Amino acid sequence: MWIKLTDVNGDHITVNFAHVVSFNPYGTGTHIVTITAGLTFFVKETIDDIQAKVGITSN
């Protein structure tokens, strides 16, 4: 599943979420770690925003 996000510079990026290992809060946004060694992203979207985009619901 591909999702469109905004990096910390304001540029739009598209991430294949099937390659995401973890995503954690970082400042006012989120740090995303992928399966590719050393490939991480810092995005402006919050954890809640990302979870909504990929269909993860909170209990």
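Counting only residues that are surrounded by 11 or more Cβ atoms within 10 Å (Cβ to Cβ) and not in a helix (DSSP H, G or I), how many does segment 46-55 have?
Going through segment 46-55 one residue at a time, the tally reaches 1.
Take Asn24 and tell me if it is modelled with pLDDT under 95 and not β-branched (Val, Ile, Thr).
no
Considering only residues that are β-branched (Val, Ile, Thr), farther than 12 Å from Val54 by Cβ and in contact with a Phe, Trp or Tyr (Cβ under 9 Å, 6 or more places away or on another chain), look in segment 1-26 and name the one that is surrounded by the fewest Cβ atoms within 10 Å (Cβ to Cβ).
Looking at the filtered set, the residue picked out is Thr14.
Looking only at segment 27-45, count every residue that is surrounded by 11 or more Cβ atoms within 10 Å (Cβ to Cβ) and either closer than 18 Å to Ile56 by Cβ or among the polar types (S, T, N, Q) (or both) and tell me the total.
10
So how many residues does segment 37-59 have that are of a type in the set (Phe, Trp, Tyr) and at pLDDT below 95?
1
Criterion first (part of a loop (DSSP other than H, G, I, E, B) and modelled with pLDDT of 95 or more) does Gly10 satisfy it?
On the way: part of a loop (DSSP other than H, G, I, E, B): yes; modelled with pLDDT of 95 or more: yes.
Yes.
The values are calculated or read from the model by the stated rules, or taken from the named source; none is laboratory data. Here the structure is a predicted model, which is why all the values come from computation and not from measurement. Neighbour counts are summed over all protein chains in view; Cβ atoms, including those assigned to glycine, are modelled from backbone coordinates with ideal geometry.
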